[in-house]
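A.B. asks: Let me give you the structure first, and then I'll get to my questions.
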Amino acid sequence: MSTVDERSVRDLDDGLDRLLAKIASEHGVPCLGYKPSCLRRRVSVRLRATGAESFAAYAALLDAHPEEWPRLLDALTINVTGFFRDHSVYRVLREQVIPALVEAQSGIVRGWSAGCASGEEAWSVAMLLAEHAGVERTRVLATDIDTQSLARATAGVYPSIIAREMPEELQRQWWSGYEPVVVSDALRRCVSFERFNLLTDQAPPSAYDLITCRNVLIYFARDAQEALFMRFADALRMGGVLVLGKVEILSGPARARFVPIDARERIYRRVA
Ligand SMILES: C[S@@+](CC[C@H](N)C(=O)[O-])C[C@H]1O[C@@H](n2cnc3c(N)ncnc32)[C@H](O)[C@@H]1O
């Protein structure tokens, strides 16, 4: 016989499973593939904020107060980001990796910022590619699952405090306004934004020179991470470069397809 504690944990899990199914069916965010502990933690933040006493009560609250949906989706997608987030990674990209990538490519240089949040990573990558390849030869696809973040990304307007995050010479070259910061038209022509679910959508067919997927995979279960590493390898041209977040580690069968360029900075080259 199960104890009261075991039963209440099971009831709680049932409630969470039903809530996750509701999120998937009503808002197209399939939660399968995320770490269960991460989902539970993120949803619990909203339970506490709203005073709901169970996942089932929270699901009912969503029906009664649809204005809660964006807060839940925000909590689930965790879109903290920044221009040149982790300066040491961008230094290696700017000084070593991108010059070599551009040198090896006579045509268009293609980047994919996968999980771009509100666009800061995509603009940062585009600036560095365009610095070496020129705007005519630079194309960056920037994707995220979160449509609100994508709307902010596409607007390309940021509070002026972000000036702290960027080298001054790049600000002068790529911003057309400072208060607030406005991304220049030249840079806008290099970047396109699209909604894309890394767990379920087919990778875009292009052979990318550079893929950045930073601080996204940490929320995914191990199987989902390993499948995605293989899809990134397929989406890169041979010799193309994958950049992960500082705490993300390349794992699974895709390890045989990459060699580290800078293991500390999580920068890898496709070799197979
Ligand atoms: C913490 S942000 C990282 C932003 C940026 N890459 C960086 O490192 O600064 C994580 C982003 O991953 C996105 N994300 C989460 N699950 C996703 C999925 N299944 N497919 C695509 N993007 C996803 C979130 O919407 C969020 O914008």
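A.B. asks: Would you check if E165 is more than 26 Å from M238 (Cβ to Cβ) and away from the ligand (no atom under 16 Å from the Cβ)?
C.D. replies: Criteria not met by E165.
Okay, residues lined up against (1) without any contact (Cβ under 8 Å) to a residue 60 or more places away in the chain; (2) farther than 23 Å from S149 by Cα:
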position	(1), (2)
L16	yes, yes
F55	yes, yes
R71	yes, no
E95	yes, yes
A104	no, yes
V109	no, yes
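A.B. asks: What is the number of the single condition among (1) under 26 Å from M127 (Cβ atoms); (2) at pLDDT 95 or above; (3) open to solvent by less than 50 Å² (accessible area, probe 1.4 Å) that P260 does not meet?
C.D. replies: Here P260 clears every test but (3).
A.B. asks: Also, I was wondering about something else. Determine whether A24 is among the small types (G, A, S) and at pLDDT 85 or above.
C.D. replies: no
A.B. asks: Another question, then. Among the residues in segment 174-195, are any within 16 Å of the ligand (Cβ to nearest atom), more than 26 Å from A130 (Cβ to Cβ) and of a type in the set (D, E)?
C.D. replies: No: zero hits.
A.B. asks: Right, here's the next one. So which residues in segment 100-119 are within 16 Å of the ligand (Cβ to nearest atom) and among the aliphatic types (A, V, I, L, M), if there are any at all?
C.D. replies: Across segment 100-119, the qualifying residues are A114, A117.
A.B. asks: Ok, one more. From L93, L72, L62, grab the single residue that is crowded, with 16+ Cβ neighbours inside 10 Å, within 16 Å of the ligand (Cβ to nearest atom) and not assigned by TED's automatic domain parsing to the domain that holds A224.
C.D. replies: L72
A quick yes/no check of all residues on (1) in contact with a strand residue (DSSP E or B) (Cβ under 6 Å, 6 or more places away or on another chain); (2) surrounded by fewer than 20 Cβ atoms within 10 Å (Cβ to Cβ):
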position	(1), (2)
R189	no, yes
E194	yes, yes
N197	no, yes
Y208	yes, no
N215	no, no
F229	no, no
G239	no, yes
K246	no, yes
R266	yes, no
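The values are calculated or read from the model by the stated rules, or taken from the named source; none is laboratory data. What you see is a predicted model, and the numbers here were worked out from it, not measured in a lab. Note that we place each Cβ from the backbone using ideal geometry, even for glycine, and neighbour counts take in every protein chain shown. To get the accessible areas, we keep the full protein, side chains included, count just its heavy atoms, and leave off ligands, DNA and RNA. Shrake-Rupley method; radii C 1.70, N 1.55, O 1.52, S 1.80 Å.
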